[in-house]
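Written below as structure tokens is the structure these notes are about.
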Amino acid sequence: MTCAWYDYILHVVPFEEKIMNFENRRARERAAVNLTVGETRTNRYTVPVLANISDEAAYIEGPYDDDYGYFSQPILEIMLPGVPEIIWARCQVVRENTSGFFHGRALRFVEISPLHRYYIRNYIQQNRCAEN
């Protein structure tokens, strides 16, 4: 083992394994969507556009807002077509992109019910079948 890092559970992970996990971090199935979602953060409600979604994360785009910050934990309310209820998820900001007026944010689901995660997986599978 040439180098070791500690992961979140505090055990040693070989350098090669860490690199492999980094390269495959977006290997989860995801669906490209173009839906508006509700986002609540720091007592403000906004309506950004959901660009893509997986069962672990989402990417949203909206007007630039300089007080967003990595430390806020936004709550998303997602209404996917064919899903019988509103999906609710508390998120963590993973990455931000700013391009002129628009602000893109990659969000990881920190708190989401197993049923809502199932709904997202099912939605992704249905959309993959429809594309083929």
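The values are calculated or read from the model by the stated rules, or taken from the named source; none is laboratory data. Just so it is clear, the model here is predicted, and its values are computed rather than measured. Positions of Cβ are generated from backbone atoms using ideal geometry, with glycine treated the same way; all protein chains shown enter the neighbour counts.
A few notes on this one:
- Sole residue being assigned to a helix (DSSP H, G or I) and polar (S, T, N, Q), chosen from 97, 127: 127
- Being under 20 Å from residue 40 (Cα atoms) and either under 14 Å from the mean Cα position of the chain (by Cα) or among the polar types (S, T, N, Q) (or both) is a property that holds for residue 111.
- Residue within segment 56-64 that is at pLDDT below 85, assigned to a loop (DSSP other than H, G, I, E, B), surrounded by 14 or more Cβ atoms within 10 Å (Cβ to Cβ) and touching a His at 6+ places or on another chain (Cβ under 8 Å) present: no
- For residue 91, the conditions (1) modelled with pLDDT of 90 or more; (2) part of a loop (DSSP other than H, G, I, E, B) are fulfilled apart from (2).
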